[in-house]
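Rule-based calculations on the coordinates, nothing more; no lab input. Keep in mind the model is a prediction, meaning the values are calculated, not measured. Cβ coordinates were reconstructed from backbone atoms using ideal geometry, including for glycine residues, and neighbour counts include every protein chain displayed.
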Amino acid sequence: MTAGFAIVFGVVYTVAYFACVEGNYALFTYHPALGEFGMGVQKAKDGPAMYWYGWMATSGIVAVVAGGLAILLPEAVVRRLTPAATWIVALAAMLAFCWLLKGFFLR
Amino acid sequence: MNGWTILLIVHGLVAVALLGAITHQALGVWVPVRRPAGNFVARFRAVPGAGYANAIVVLYLLAAVLGAVIYAEYRISVRTVLQQLEMRSAEGAFELKEHFAAIGLGLLPAYWYYWRAPASDHARTRAMLTSILAFAVWFSFLVGHVVNNIRGFGV
């Protein structure tokens with residue numbers, strides 16, 4: 001693994017995951033009551049529809065592709081990527097989720 | 001005892017091991033022991049953090065996979081009860097747990113990479129990544145424990 005892959009994967013995965021949750025871009029849907037998977041975002045059938053697995057799958061694919069491209073970057077460009085971006089973006093996303101879900105706690 | 005409860009117990013045991021490892025490591029990076037450790041707390045902080053990184057990655061992945069498996073049953077038999085009882089805080093805390101756990105998964109490659117770097121390099125990045133993972137693990141563990149107390153999978 002290279003520094004470029006580690007940094008780009010971490011940042012892109014977090015941003016993509018946040019976007020997937022917000023826009024509901026799930027690669028697939030799981031219907032737990034039926035034990036069925038379906039491609040893309042599907043409405044609930046019998047019981048709830050679960051998108052969490054699909055959000056992680058979408059984010060994972062996007063991050064692997066971006067990280068793979070980062071491996072091809074010249075060393076001079078990789079040296080300009082700041083490792084702090086990984087934890088700063090993650091921390092920002094966690095705070096953003098707290099804000100988005102505040103309705104559960106403030107009523 | 002039903003299969004979901006057995007999986008939940010295994011998930012909890014893996015989480016306990018992960019908690020211990022990541023707490024050792026987080027304390028080791030923030031308050032390292034510079035003299036030979038004397039008491040229990042100092043010994044707890046005195047562990048070589050780099051030696052824990054591989055185990056933490058494996059335990060995190062294992063806990064995440066087990067959590068993902070039992071999450072489906074949670075959605076059917078636990079979350080609906082929380083909604084019926086209007087326990088909004090518990091439901092919201094579990095939503096946060098799923099997002100924090102997912103974000104932690106995305107940090108694992110960087111976490112692993114920077115723990116393999118020489119100890120003198122990227123100390124701040126290592127400390128922050130470890131702290132975020134430690135927070136996600138502690139939060140997930142406590143929320144899971146409380147929600148299981150409210151409504152478990154049964155026996």
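Estimated from the Cβ-Cβ distance and a Förster radius of 41 angstrom, the FRET efficiency linking B:Arg43 and A:Met1 is about 0.80. Between the helical axis of B:53-73 and the longest alpha-carbon principal axis of chain B there is an angle of about 10 degrees. Here each label is just a point 7 Å from Cα along the line to Cβ, and for B:Ile6 and A:Ala96 those points are 4.2 nm apart.
Dividing the summed -39500 (n - 2.57) terms of all DSSP H runs of n ≥ 4 by the residue count of the protein assembly as shown sets its mean residue ellipticity at 222 nm at -23500 deg cm²/dmol. Assuming charge only on the beta carbon of Lys and Arg (+1) and of Asp and Glu (-1), the dipole of the protein assembly as shown about its Cα centre is about 740 debye to the nearest 20. In nm, to one decimal, how far is the modelled label at A:Ala44 from the one at B:Ala119, with both set 7 Å along Cα→Cβ? The modelled label-to-label distance comes out at 5.3 nm. With a simple spin-label model that places each label point 7 Å from the Cα along the Cα-to-Cβ direction, the separation between B:Ser89 and A:Ala33 comes to 3.0 nm.
Could you tell me the calculated FRET efficiency between B:Val33 and A:Arg79, based on Cβ-Cβ distance and R0 = 30 angstrom, to the nearest 0.05? Mind showing how you got there, number by number?
Numbers: r = 33 Å, r/R0 = 1.11.
The computed FRET efficiency comes out at 0.35.
Among B:Ala72, B:Ala117, A:Tyr25, whose Cα projects farthest towards the positive end of the dipole of the protein assembly as shown, with charges put on the beta-carbon of Lys, Arg (+1) and Asp, Glu (-1)? Of the listed residues, the answer is B:Ala117.
Among B:84-91, B:23-30, A:9-16, what's the highest-first ranking by average C-beta atoms within 10 angstrom per residue?
On the way: B:84-91: 14.6, B:23-30: 19.6, A:9-16: 24.8.
Highest-to-lowest ranking by the protection proxy: A:9-16, B:23-30, B:84-91.
From the largest down, the protein assembly as shown spans 56, 49, 36 angstrom on the principal axes of its Cα atoms. Taking a sphere under 14 Å around the Cβ of B:Leu129 and counting the other residues whose Cβ falls inside, with K and R at +1 and D and E at -1, yields a net charge of +2.
Per Stokes-Einstein, at 25 °C and 0.890 mPa s, what whole-number D in µm² s⁻¹ belongs to chain A, with the Kirkwood radius over Cα pairs as the hydrodynamic radius?
On the way: Rh = 15.4 Å.
Answer from the Stokes-Einstein relation: 160 µm²/s.
If you scale each eigenvalue of the Cα gyration tensor by 5 and take the root, what three semi-axes come out for region B:1-124, rounded to whole angstrom and sorted largest first? Kindly include the intermediate steps, with their values, before the conclusion.
Details: eigenvalues 228, 51, 41 Å².
Over the Cα atoms of region B:1-124, the semi-axes work out to 34, 16, 14 Å.
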